[in-house]
Structure formats: structure tokens, C-alpha cells
Amino acid sequence: METVADRPIQPTVQPGDIRAALPDAAPERPESFDAILSDLDEIVMPGITHWQSPGWFAYFPANTSPPSILGELVAAGLGVQGMLWSTSPAATEIEEVVADWLVDMLGLPISWKTSGPGGGVIQMSASDSTHTALVVARERAAGDASKMVVYASEQAHSSVEKGARVAGYGHVRLVPVDDQFAMRADALEAAIEIDVAAGLIPVAVVSAVGTTGTTAVDPVRAIGEIALFHDLWHHVDAAYAGTAMVCPEFRHFQDGLEFADSYTFNPHKWMFTNFDCSLFYVADRKPLIEALSILPPYLRNEASESGEVIDYRDWHVPLGRRFRALKLWFVLRSYGVEGIRHHVREHVALAAGLADRIESHPQLELIAPTPFGLVSFAHIDGIEATDTLADAINDSGWAFVTPSTIDGRRFVRVSIGQTNTTAEHVDRLWELIESVVRSP
């Protein structure tokens, strides 16, 4: 952590270099720990992409922090397998508590607490959460899965299509978006009506609060009302932007959550908790448990049969589960709600400042709004100039961005949200952008 800012973000190794430096077979006899640490420096580190660098502006952040690292270390040392309450009560009950804390922190419906009909569970990723939601929706609908339809916007995360495929849905409809890349509610309604007339079965719709491409925000309330009218399961994907809801001024983006059946966001993106840690909430846990619970004799125990405990093995596909809640508990207590709000607001302000600079530059233009910490922009001279700019930033060694494409248009994504990124790093990035744009 002390030297990450001084290291090149991207490795320079070629495919196969790391494997070529390793023996073909495991050692027959124990090796010294000094030898292992030496190889960590000599072999592993040259092949690491430094996501924790303050110059990390690519993809979305995958943050860690000192309390998160310590929480992960303690969890690894304890080595519990928390599939049932009885296999480690603390693992279950701390997870219940942090999930409930986050309901209050993010302004989610109170009924999503474990004291109500809903509840939250930590999954590996938002993809897993979305896959799970689609399985529950399919089971709830019953009928011929080959005729079932899932709806999401054209800008939805690829996990929606993948999850629908894994769950056996016959159809996925990608709904057109508006000029800000948010799903059009009228187009969703029209698509549902066409499918019903064709004898298909509309089952689920996924709305996004912060798409991966540009952090567009779908109209959650309008989509939820349509889902309610047509009896669709409504899943809300807030994987990245969910953390921003810790600040009340952003909660209007998720207006309408009372119409949602499930919701996911990733503390491992922007809440300073290392991967993996994704929260999945349901408004009613009964359909979830009914869809996923299988109870062999060897898992039966008095606590489970009492009905007084949660067994999180019934809340997702895997049986085994790590003590992920411990690192999140460490983070929430170490930063406090106030501390997390401070960092989120700082990142959003830095993004807004960069967007203002881009908007005022004669050779650059924003291609989407900047509601959170992602700035999406392009060079006005088109694809080649935009790619040249992205390549120059990434070739600097100390900064890393992600180029992407939307509607055939190339653009650069600058995601500001790494734990240690400050105004100094964003100013340095802007100076680099300006210098590249000025170059003939």
C-alpha cells in the first residue's frame, strides 16, 4: 500500500511469462517462506495490475482499505464455513446486522430488514445476485421457461443476459433507451404487450441505477409500476451507484424502490471493502428460500428447525460461504457513515470538476451526464483521436482509463472513486489530457 502509487499500473509481461517462471510440478519437499516471498516479488508482482493505485480511473473501482484488509485477515484466520447459523452463529448474525445497517444507510425500504418480510445477504458479485433474482422469478412464474421473457435496457450489464441463459429463459428483450441512455418506460410497455400477444410469458425486468457504460439511471418508479401491473419480478441493479445512496442527495435516483422485488449493490466497488462483497436484498424472502432450499439429512439441526434463525445457504446457489460480513463490519465501524459520505461526495465533486473542464474544452465533449463518479467523454475528431488519447493516458504508467463504445461512438471512461484518489491525481490526469490534445 505504501508503494502502490509509485508502481506502473499495468504490467508489461506477455502472455505466458508468469507461467514460464513457475515449475511444472509442485515441490515434493517444503520450501522456505523466504523463497516464497522472494518469488512473490520476482514473479507475482511483475504480473499484477494495480487496482489500488490512486491513478486508477478504469472500469469501476474495486477498492480495499486498511480495515477491510484486517477484517479479511481475521476471517481467513478463523476459517469458518458459515453455511448454517449453527456452523458459526457470529458469521450469520453479523451479516444480518450489517445488511440491516445498510438499509438505513442507503435509504432502502425498512421492510427489507431481516426483522421484516425481506432481508439482505452477501453474495460474491452483482452478477450472482442478478442470476439468483432471475431464478427466483422463474420459479415464481412457473410454466414453460422456453416461453419466458426477461426485459432490460440496451445498456444493461451483460450479467442479465448471462443470468437469463443460466436460468433457462427462452427470451431476453433489450429495451431501447433515451438520449441519456436510460431505459424508456414506454418502450418496455410496448415490448411486454407484443410478447403477450405472441403467447410468450413476461416474467422479470431489470432496471439499473448507474449502468456500467455511462452510469445512466433507469426510471425505477415507472418500470416498477409497469412490473406491478403485469406481475413481473422487478430487480434493481445498483452495483456501482448503490454506495452513493449513503448521501441523501442522491436517493432521488432510486425513487420507486417500494415497487422492487430485489436489489443489489457492491460494497466491493465504492465502499472501501475488498472483493468479493455484494449485497442482495429481497422485499420478501419467502420466494427466495422456496426456490433455493434443499435440506439433506446431514444439514438438519435443532436451531434451523426452530425457525428462529437464518440459514444463508438458502439465500444463494452455493452451500459453503465465507465470513465476508466481518470485513464489511470492520469498514463500517472504522469509517462510520459520515466518513463514507465524505469520500463519496469528494469523488463525485472531483468527477463534476473534471466534467466541467471537458465541457469547456473546444476539442473535447461529454457524451453522457455525470451523475456520480464516472466521466464519459470523447475527442471531437472521432474514433482515432479518442483512442489515441486513451492510449496516451494508459501509456503514462501512472494513470489507467477504459475506452468504450456506445451507439458506434468511441469514448473514454474516467471512473473517479479509488480509495486514495485525490484532487492532485485528477489534476494530474487533466494536465495529461490537455497535453495530448495539444500535441499535433
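Any read-out appearing in this document is the output of simple, stated calculations on the displayed coordinates, not a laboratory observation. Predicted model only: the values in this text are computed from it and were never measured. Cβ: placed from backbone, ideal geometry, glycine included. Neighbour counts: every protein chain shown.
Numbers at a glance
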item: Criterion violated by residue 214 - all others in (1) touching a residue at least 60 places away in the same chain (Cβ under 8 Å); (2) assigned to a helix (DSSP H, G or I) satisfied; result: (2)
item: Candidates 189, 161 - the one that is surrounded by 15 or more Cβ atoms within 10 Å (Cβ to Cβ), without any contact (Cβ under 8 Å) to a residue 24 or more places away in the chain and either assigned to a loop (DSSP other than H, G, I, E, B) or not β-branched (Val, Ile, Thr) (or both); result: 161
item: Conditions (1) closer than 30 Å to residue 309 by Cβ; (2) free of Cβ contacts under 8 Å to residues at least 60 places away in the same chain; (3) part of a loop (DSSP other than H, G, I, E, B): number failed by residue 143; result: (1)
item: Among residues of segment 261-276, those that are under 23 Å from residue 345 (Cβ atoms) and surrounded by fewer than 24 Cβ atoms within 10 Å (Cβ to Cβ), counted; result: 1
item: Enumeration of residues in segment 272-296 that are of a type outside the set (A, V, I, L, M, F, W, C) and under 14 Å from residue 319 (Cα atoms); result: 293, 296
